[in-house]
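All remarks here apply to the structure that follows.
The values are calculated or read from the model by the stated rules, or taken from the named source; none is laboratory data. On a predicted model such as this, the values are computed, not experimentally measured, just so you know. Methodologically, a virtual Cβ is constructed for each residue, glycine included, from the backbone with ideal geometry; neighbour enumeration extends over all protein chains shown.
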Amino acid sequence: MDVVLVHPEIPHNSGCAARLCAATGATLHLVEPLGFALEDRYLKRAGLDYWPDVDLVVHSNWSALRSAVEPQSARSFAERLKLFSARGGRSLFEAEFAQDDLLVFGSETKGLPTEVFDEAQQGGERVYVPIRDCVRSLNLANVVCLALYTAMDRAGVPMPANDGSYRAEARERRHLPADVAKKNPRDA
């Protein structure tokens, strides 16, 4: 199960998503353009010193993401899409998830681009987190966390084996996100 942030704008939210992906073992895909540099101190700070544990892949655009992840599953790219939106679709708590799903989130101010919704018409699903109608939206980092753990549980993805304890690792952990990010080799 992968997390995809399309055109994220706020480094703190992306850093929190990265830390979550380090904690769960999920891959984090960032689709450019980004509203920040990978060297941004707020991005680094939100991810703390867990950047070496993040499987981070940066894609130049939506098509590049598709070409990179499509061969990784027997299901079509569109069928794997779970598009998170503040408006419409199926409740997170009613949706079904599979282990190879792509949990896709849009930018903090604009949401998902039209091209992403167009592609989902071929089999993807729009998902929302229920909120009161007097609230416009939830924080992106909060929705990513809630969605990933819920989806993992529903899909039967094994949770990290941990009893709540922490074991410090003796290794150099002063990495920037830019140090660990992989550029999509299929980017044109």
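The table that follows gives values for the structure above.
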quantity: Condition met for F97 (more than 16 Å from the chain's Cα centre (by Cα), farther than 13 Å from V4 by Cβ, of a type in the set (F, W, Y) and modelled with pLDDT of 95 or more); calculated: no
quantity: Residues within the range 32-48 that are touching a helix residue (DSSP H, G or I) at 6+ places or on another chain (Cβ under 7 Å) and of a type in the set (K, R), tallied; calculated: 2
quantity: Total residues in the range 40-52, condition surrounded by fewer than 18 Cβ atoms within 10 Å (Cβ to Cβ) and assigned to a helix (DSSP H, G or I); calculated: 4
quantity: Output for the range 16-37, where each listed residue is aliphatic (A, V, I, L, M), surrounded by 19 or more Cβ atoms within 10 Å (Cβ to Cβ) and either in a strand (DSSP E or B) or over 16 Å from the mean Cα position of the chain (by Cα) (or both); calculated: L28, L30, V31
quantity: The range 139-163, residues that are hydroxyl-bearing (S, T, Y) and free of Cβ contacts under 8 Å to residues at least 60 places away in the same chain; calculated: T150
quantity: Members of the range 124-152 found to be touching a helix residue (DSSP H, G or I) at 6+ places or on another chain (Cβ under 8 Å), over 16 Å from Q99 (Cα atoms) and of a type in the set (G, A, S), listed by number; calculated: A141
